[in-house]
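Everything on this sheet refers to the single structure shown next.
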Amino acid sequence: MHPEGERRYDEYYAKSIESYRQDICDPIKMRQEPTLAAGLLLCYTTMGSRPSWTVHLNGAFSLLRSGGWLINPSGFASEVLTVLGIFDLPTHTIGRRTPSPCIWYNFCRFKRGIESISGIPYTLLDLLSTIEDPDIEDQLWAWTYVEVSTLAQQRMWNATRLAGIISAREYQAQRGSNTAKLMHPHHTTKGDISTGVLIQDILGTFEVIGNEASHESYDYVWNTLLFPLFIAASQARWLSEVQKTLIDKIWTKCFTYDGVMIKYYRAPLDLIHELWGGPARTAKQLAQARNVEISLF
């Protein structure tokens with residue numbers, strides 16, 4: 001964002017909220033595509049700038065529902081529903097402060113191909129939408145892709161799958177079941193693959209990306225980078241100092257422009273650094289303690 005725009009962000013935000021509220025209270029405008037687009041834009045622009053952006057996500061979904069857009073959605077409404085479904089994935093918002101309507105699970109599953117916004121196959125997104133299921137780790141291990149793809153895409157899909165497995169283990173541990181899988185590396189469903197090994201595989205993928213970052217094919221996987229890197233970096237108890245240094249280098253290489261880190265990526269890195277230096281806790285626990293939502297898109 002331009003410095004002048006950043007300085008006046010709160011002013012612009014207040015004006016946009018006022019205008020949006022007027023439109024959704026109008027029975028005609030609330031059923032028009034520009035109003036849907038405005039709700040989607042509010043989600044996107046507040047992800048890295050407001051403590052809680054999912055209130056706008058839930059609001060945009062409520063607009064779809066109350067405006068009758070969920071009855072056989074097609075065209076633009078279908079596109080908006082897909083994007084909201086991605087934004088609503090339980091794996092991709094840390095410290096969420098609002099209830100999830102489970103958009104992807106309820107409205108977006110069972111498609112084929114590669115979803116164009118996230119760059120992830122629909123079948124893998126389907127699994128991430130059910131990350132709290134007790135047997136989801138087995139399903140993620142069994143997942144394979146059939147889509148025609150580049151080597152860069154295949155690498156990042158695998159990194160996303162491994163990050164999903166780590167997330168699944170965290171969910172199960174937080175529920176008080178299957179805790180041994182997270183805490184003891186020799187109790188896993190795929191041989192003896194510990195969380196530490198999954199982290200190393202993810203970081204290895206990013207090292208390859210760093211060596212090939214100039215290759216144009218990586219332009220197509222940009223939106224898949226943050227989630228696996230953050231999930232690997234958030235596993236503080238498994239990381240060595242060498243790995244932490246590597247993560248900082250990868251983060252800088254992936255998320256800086258003209259020598260300055262892109263603002264959107266600062267908040268998750270700040271949370272990671274606090275995890276590394278503080279008492280043992282999960283990224284979710286720390287985000288909730290700070291009353292912030294961290295988006296991983």
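The values are calculated or read from the model by the stated rules, or taken from the named source; none is laboratory data. Predicted model only: the values in this text are computed from it and were never measured. Here the Cβ is made from the backbone with ideal geometry for all residues, glycine too, and neighbour counts use every protein chain on show.
When the range 277-295 is filtered for residues that are among the polar types (S, T, N, Q), surrounded by 17 or more Cβ atoms within 10 Å (Cβ to Cβ) and within 20 Å of THR46 (Cβ to Cβ), only SER295 remains. Taking the listed residues LEU64, LEU124, the one that is out of contact with any strand residue (DSSP E or B) (no Cβ under 9 Å at 6 or more places or on another chain) and closer than 27 Å to ALA159 by Cβ is LEU124, with no other qualifying.
For the range 51-99, residues that are over 15 Å from GLU293 (Cβ atoms), of a type in the set (S, T, N, Q) and touching a residue at least 12 places away in the same chain (Cβ under 8 Å) total 2. Quick check: anything in the range 40-48 in a helix (DSSP H, G or I), modelled with pLDDT of 95 or more, outside the structural domain of ILE231 (by TED's automatic domain parsing) and polar (S, T, N, Q)? No, the conditions are met nowhere in the range 40-48.
Look at the range 134-160: where a residue is free of Cβ contacts under 8 Å to residues at least 40 places away in the same chain and a partner is among the small types (Gly, Ala, Ser), sitting 6+ places away or on another chain with Cβ atoms under 8 Å, you get ILE136/GLY164; ILE136/ALA168; LEU140/GLY164; LEU140/ALA168; GLU147/GLY113.
Scanning the range 93-113 for residues that are buried (at least 17 other Cβ atoms within 10 Å of the Cβ) and either polar (S, T, N, Q) or in the same structural domain as SER74 (by TED's automatic domain parsing) (or both) gives THR93, SER100.
So which residues in the range 252-297 are among the basic types (Lys, Arg) and assigned to a loop (DSSP other than H, G, I, E, B), if there are any at all?
ARG281
When the range 51-67 is filtered for residues that are surrounded by 16 or more Cβ atoms within 10 Å (Cβ to Cβ), under 14 Å from GLN32 (Cα atoms) and among the small types (Gly, Ala, Ser), the ones remaining, listed by number, are ALA60, GLY67. The residues on offer are LEU203, LEU286, LEU275, LEU269, and the sole one that is touching a Phe, Trp or Tyr at 6+ places or on another chain (Cβ under 9 Å) and either modelled with pLDDT under 90 or assigned by TED's automatic domain parsing to the domain that holds ALA159 (or both) is LEU269. Restricting attention to the range 80-111, and to residues there that are of a type in the set (Gly, Ala, Ser) and not in a helix (DSSP H, G or I), which single residue is farthest from PHE227 (Cα to Cα)? Looking at residues that are of a type in the set (Gly, Ala, Ser) and not in a helix (DSSP H, G or I), I get SER100.
Here is a check on your reading of the model: is LEU140 more than 14 Å from the chain's Cα centre (by Cα), in the same structural domain as GLN235 (by TED's automatic domain parsing), more than 15 Å from PHE230 (Cβ to Cβ) and buried (at least 21 other Cβ atoms within 10 Å of the Cβ)? It would help to see each step written out before you state the result.
Values: more than 14 Å from the chain's Cα centre (by Cα): yes; in the same structural domain as GLN235 (by TED's automatic domain parsing): yes; more than 15 Å from PHE230 (Cβ to Cβ): yes; buried (at least 21 other Cβ atoms within 10 Å of the Cβ): yes.
Considered against the rule, which asks whether it is more than 14 Å from the chain's Cα centre (by Cα), in the same structural domain as GLN235 (by TED's automatic domain parsing), more than 15 Å from PHE230 (Cβ to Cβ) and buried (at least 21 other Cβ atoms within 10 Å of the Cβ), LEU140 comes out as yes.
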